[in-house]
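Have a look at the structure below before the remarks.
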Amino acid sequence: MVDQMLKNCPGLSRCPCGNVMEVVPGKLDLWAKDDKGNVMKLFHKLHMKDNRVRCRECEESFCKGCGSQPYHLGKNCEEFEKHKTSVNCRFCDEEVTTAYGPKAFRNICSSQECLELKA
């Protein structure tokens, strides 16, 4: 019955802890930053405004769209899913598109900063 109610009422959401709550979109924070301290792009801020929820029961934040806990700052749900399944640089966490060098150094992107850190 709760699942049917959640399906029919877009203003309701279920936290991964099981708590069901009404969700009201937040205010747009034009200076919102991602987990690296960079100001986010507008479409990421809009996604956060509409989908980031903090549960009153467990006090954790989660994404209303995909259920990810904690909320994925600086990414929408599709970008976050791709990020989880890709190989990412161990220094900056950006996707590694080219594997080169010895196996121990393959999870490093080609940015100058990260290449210097591996040395």
Checklist entry - Among Leu73, Leu46, which is the only one that is hydrophobic (A, V, I, L, M, F, W, C), exposed (fewer than 15 other Cβ atoms within 10 Å of the Cβ) and within 14 Å of the chain's Cα centre (by Cα)? => result Leu46
Checklist entry - Hey, among Gly18, Gly37, which residue is within 30 Å of Cys92 (Cα to Cα), out of contact with any strand residue (DSSP E or B) (no Cβ under 8 Å at 6 or more places or on another chain), surrounded by fewer than 12 Cβ atoms within 10 Å (Cβ to Cβ) and of a type outside the set (S, T, N, Q)? => result Gly37
Checklist entry - For residues in region 68-119 being modelled with pLDDT of 90 or more and among the aromatic types (Phe, Trp, Tyr), which is nearest to Val53 (Cα to Cα)? => result Tyr71
Next on the checklist: Looking at the structure I just gave you, is Ser86 surrounded by 13 or more Cβ atoms within 10 Å (Cβ to Cβ), among the polar types (S, T, N, Q) and without any contact (Cβ under 8 Å) to a residue 12 or more places away in the chain?
Outcome noted: no
Checklist entry - From the set of residues in region 45-86 that are among the hydroxyl-bearing types (Ser, Thr, Tyr) and outside any helix (DSSP H, G or I), which is farthest from Pro16 (Cα to Cα)? => result Ser86
Item to check | Odd one out for Cys58 among (1) within 29 Å of Pro10 (Cα to Cα); (2) free of Cβ contacts under 8 Å to residues at least 40 places away in the same chain | outcome: (2)
Item to check | Some residue of region 24-40 being of a type in the set (A, V, I, L, M, F, W, C), assigned to a strand (DSSP E or B) and in the same structural domain as His72 (by TED's automatic domain parsing) | outcome: yes
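The values are calculated or read from the model by the stated rules, or taken from the named source; none is laboratory data. Fair warning: this is a prediction, and the values are worked out from it, not measured in the lab. Positions of Cβ are generated from backbone atoms using ideal geometry, with glycine treated the same way; all protein chains shown enter the neighbour counts.
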